[in-house]
Amino acid sequence: MMIDQSIKNAIYAHVITELPREGCGVLHVVDGQTLFHACRNIAEGTDNFAIHPEDYAAAESMGEIVGIVHSHPNGPAEFSQADRVACEASGLPWYLVTCPEEAWAYMEPSGYIAPLVGRVWAHGVLDCYSIIRDWYKQERGITLPDFERHDDWWHKGGNLYVENFSKAGFERVFDGPQVGDVLLMQVLAKVPNHAAVYIGDNKILHHLHGRLSCRDVIGGYWSKNTTHILRYVG
């Protein structure tokens, strides 16, 4: 869906005020007219965005949401790997504008799946739980539930893996690991805050905070910090 210049002007006027952080919002249809609704970005840092759920709900209450908008301060006018994954999850068209030098990009959901190895880190979109979900989808045809999570939850009183693994269909075992088992690890935290999937031959697939996803030999540091072995039982 193309947007006219008046909408582009409204979007740009908002995102320029958000510098150096990414600005964000949604497009919604109100009384038959497509409008831009500015939203708060609640993501940490300056290189990602997360729309405040209250703002999204407010926009949705006024009219059907038909697009997601965000900015890339200082460019480029190219959607990131995390953007493309999030676009698929949203099921909506996405619009991107750079600032202060203005350039635009557009995309629609197209079936994109991030590679398991070499994906960039974006908490809640491409992280250590995302790679487990994607491995199970690709290798086992199993769709694991997603859970809302914010960066540094392990330092803010959260214990998401331990509290939710049974809800995702896993149970703790003591005879592994076997291919497909999930290993919970405690990395510079008081609770298990990292996870990997065992892929056989003494190797794991995982995505460590701030790094590219990779395969690693399980041993040394990873074995020492493993707290749980979880097996999918459905």
Looking at the range 63-101, which of the residues that are within 21 Å of G32 (Cβ to Cβ) and free of Cβ contacts under 8 Å to residues at least 40 places away in the same chain is surrounded by the fewest Cβ atoms within 10 Å (Cβ to Cβ)? E64
Selection count, the range 53-88, where residues are basic (K, R) and more than 12 Å from V125 (Cβ to Cβ): 0
Within the range 157-169, is even one residue loosely packed, with under 13 Cβ neighbours inside 10 Å and under 17 Å from the mean Cα position of the chain (by Cα)? no
Test: A195 is at pLDDT 95 or above and among the hydrophobic types (A, V, I, L, M, F, W, C): yes
Could you tell me whether the range 153-165 includes any residue that is outside the structural domain of I16 (by TED's automatic domain parsing) and either among the charged types (D, E, K, R) or assigned to a strand (DSSP E or B) (or both)? yes
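When the residues of the range 7-41 are narrowed to those that are hydroxyl-bearing (S, T, Y) and crowded, with 16+ Cβ neighbours inside 10 Å, which ends up farthest from the chain's Cα centre (by Cα)?
T34
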Which count do you get for residues in the range 170-223 that are exposed (fewer than 13 other Cβ atoms within 10 Å of the Cβ), among the hydrophobic types (A, V, I, L, M, F, W, C) and assigned to a strand (DSSP E or B)? 1
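The values are calculated or read from the model by the stated rules, or taken from the named source; none is laboratory data. None of these values were measured; they are calculated from a predicted model. For neighbour counting, all protein chains shown are included, and Cβ atoms are generated from backbone atoms with ideal geometry for every residue, glycine included.
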